[in-house]
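Quick notes on the structure that follows.
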Amino acid sequence: MNIVARDRIEFAAKELGFVLFGVAPAVTPQGFHRLIDWLACGYGGDMHYFQNRLDAYGNLDRVLDGTRSVIVLGFPYRTIPPPQLASHHGRVARYAWGQADYHDLIHERLKSLTTLITDSHPGERARGVVDSAPVMEREFAQLAGLGWCGKNSLLLNRQQGSYFFLSCVLTTLDLPPTTTEPTDHCGTCTRCLDACPTDAFVSAGVLDSRRCISYQTIENRGEIPRELRDAIGNWLFGCDVCQEVCPWNRFGQTATDDLLWPAESSYPVDLIELLSLDESQFRARFRHTPLWRPRRRGLLRNAAICLGNAQETRAVMPLIALLGDDESIVRGAAVWSLAKINDRRGWVAIADAYTAERDESVRQEMEIALGTL
């Protein structure tokens with residue numbers, strides 16, 4: 001094992017802005033069997049990519065053949081405190097406040113590290129991964145001594161809290177691990193479990209994604225279940241509640257990349273303005289940001305839900321316009337929102353649109369709405 005190589009890689013990582021660095025052996029993580037059980041319970045919802053690549057999560061050779069070491073890195077994204085928002089503004093998870101997609105920012109830095117490894121050690125290989133590959137980053141972070149898995153299922157670090165992106169460099173280079181005895185510093189605290197607006201935690205550390213606001217506003221491609229819509233509140237994209245209440249998030253370094261800091265044009269998001277974006281306008285504004293992931297139909301669905309929860313009467317006419325949108329989930333969310341706002345113009349528009357509506361799910365939304373009138 002080459003401790004000099006590890007120290008050199010760590011120095012380079014710190015120079016690139018990573019605030020956490022550790023090395024774990026390329027073993028099957030203990031949490032792999034918990035992942036199997038989690039999926040069997042249906043807690044993964046429609047995130048079928050877990051099941052489709054399940055074998056790879058237990059065998060790093062499926063990601064990089066011959067992997068011997070996993071370098072685990074943390075990149076901070078904490079910026080300003082959450083601002084006060086007006087009723088027509090939507091809340092966005094902190095990691096998406098910036099002007100760029102974090103995948104792009106971190107991948108460039110990982111390329112620098114993989115190049116350092118392969119240039120310094122001919123014949124060795126390395127691959128950087130951020131979220132997209134079947135690697136259990138949190139498990140390897142714990143193996144590398146970077147923290148523990150909190151009751152909110154996120155990796156917690158005593159110095160950095162949880163406001164950081166995890167990424168890994170897999171390499172065939174045999175590096176000495178930084179493993180330390182695993183410790184849990186949550187104690188008897190249950191603030192994250194108690195604060196969850198949708199009661200998404202089955203138990204400490206076990207999240208039912210189907211009830212999670214982040215899942216519903218980002219990963220869910222269909223309708224948001226009616227029983228969860230009120231609890232969405234004004235969360236347009238993602239949710240930070242379980243992190244905001246965590247005592248360990250009193251600590252941590254702020255973002256080292258300017259592109260992760262919010263610009264006036266990117267946050268806060270004006271929900272009413274968002275409703276007016278067509279496909280090309282949406283693409284131009286969000287294509288290279290995290291908010292691109294749910295696409296226009298998902299983000300407008302979320303915006304409509306938020307405006308309904310706020311009972312924002314200024315949104316009535318833009319919502320009425322969405323009753324003719326090409327996307328059924330957008331039309332359905334607009335119906336629900338108009339019913340929540342309870343403005344006469346909305347009721348008339350829903351009744352007028354009912355006869356022309358051909359999508360059964362949207363018709364059901366309209367029937368439920370009109371039935372409550």
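Residue count for region 65-112, restricted to those that are hydrophobic (A, V, I, L, M, F, W, C) and over 18 Å from V135 (Cα atoms): 9.
Yes or no, residue by residue, for (1) within 30 Å of R250 (Cβ to Cβ); (2) in contact with a helix residue (DSSP H, G or I) (Cβ under 9 Å, 6 or more places away or on another chain); (3) at pLDDT 95 or above; (4) open to solvent by less than 30 Å² (accessible area, probe 1.4 Å):
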| position | (1), (2), (3), (4) |
| --- | --- |
| Q30 | yes, yes, no, no |
| D46 | no, yes, no, no |
| T67 | no, yes, yes, yes |
| G74 | yes, yes, yes, yes |
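Restricted to region 306-351, and to residues there that are among the charged types (D, E, K, R) and outside any helix (DSSP H, G or I), the residue that is farthest from N234 (Cα to Cα) is D326. Name the single residue, out of those in region 119-164 being among the polar types (S, T, N, Q) and under 29 Å from N52 (Cβ atoms), that is most open to solvent (accessible area, probe 1.4 Å). The residue in question is S132.
Say whether the condition of being more than 23 Å from A12 (Cα to Cα), crowded, with 22+ Cβ neighbours inside 10 Å, modelled with pLDDT of 95 or more and touching a Gly at 6+ places or on another chain (Cβ under 7 Å) is met by at least one residue in region 76-93. Scanning region 76-93 turns up at least one residue that is more than 23 Å from A12 (Cα to Cα), crowded, with 22+ Cβ neighbours inside 10 Å, modelled with pLDDT of 95 or more and touching a Gly at 6+ places or on another chain (Cβ under 7 Å). Against the condition open to solvent by 20 Å² or more (accessible area, probe 1.4 Å), over 16 Å from T172 (Cα atoms), touching a helix residue (DSSP H, G or I) at 6+ places or on another chain (Cβ under 8 Å) and not aromatic (F, W, Y), how does E108 come out, does it pass? Here the answer is no, as E108 does not meet what is asked.
Does Y102 satisfy the condition of being closer than 30 Å to W261 by Cβ and open to solvent by 20 Å² or more (accessible area, probe 1.4 Å)? Yes: the conditions hold for Y102. On inspection, L274 qualifies as open to solvent by less than 10 Å² (accessible area, probe 1.4 Å), closer than 19 Å to N234 by Cβ and touching a residue at least 60 places away in the same chain (Cβ under 8 Å).
If you go through region 217-238 and keep only what is part of a loop (DSSP other than H, G, I, E, B), touching a residue at least 40 places away in the same chain (Cβ under 8 Å) and open to solvent by 30 Å² or more (accessible area, probe 1.4 Å), you end up with R221, E223, N234.
Filtered by the rule that a residue be in contact with a strand residue (DSSP E or B) (Cβ under 9 Å, 6 or more places away or on another chain) and either under 19 Å from T67 (Cβ atoms) or not in a helix (DSSP H, G or I) (or both), region 2-22 gives R6, I9, E10, A13, L16, G17, F18, V19, L20, F21, G22. Those helices (runs of 4 or more DSSP H) of region 240-305 in which at least 3 residues are under 22 Å from S328 (Cβ atoms), considering only elements entirely within it, cover 271-275, 279-286.
When region 282-311 is limited to residues that are among the small types (G, A, S) and touching a residue at least 40 places away in the same chain (Cβ under 8 Å), the one that is most open to solvent (accessible area, probe 1.4 Å) turns out to be A310. Checked against (1) open to solvent by 70 Å² or more (accessible area, probe 1.4 Å); (2) of a type in the set (D, E, K, R); (3) under 25 Å from H103 (Cα atoms); (4) touching a residue at least 60 places away in the same chain (Cβ under 8 Å), E279 passes all but a single condition, namely (4).
The values are calculated or read from the model by the stated rules, or taken from the named source; none is laboratory data. Being a predicted model, the structure only gives us computed values, none of them experimental. A quick note on method: Cβ atoms are made from the backbone with ideal geometry, for glycine too, and the neighbour counts reach across all protein chains shown. Accessible surface is based on the protein model in full, side chains and every heavy atom, while ligands, DNA and RNA are left aside. Shrake-Rupley method; radii C 1.70, N 1.55, O 1.52, S 1.80 Å.
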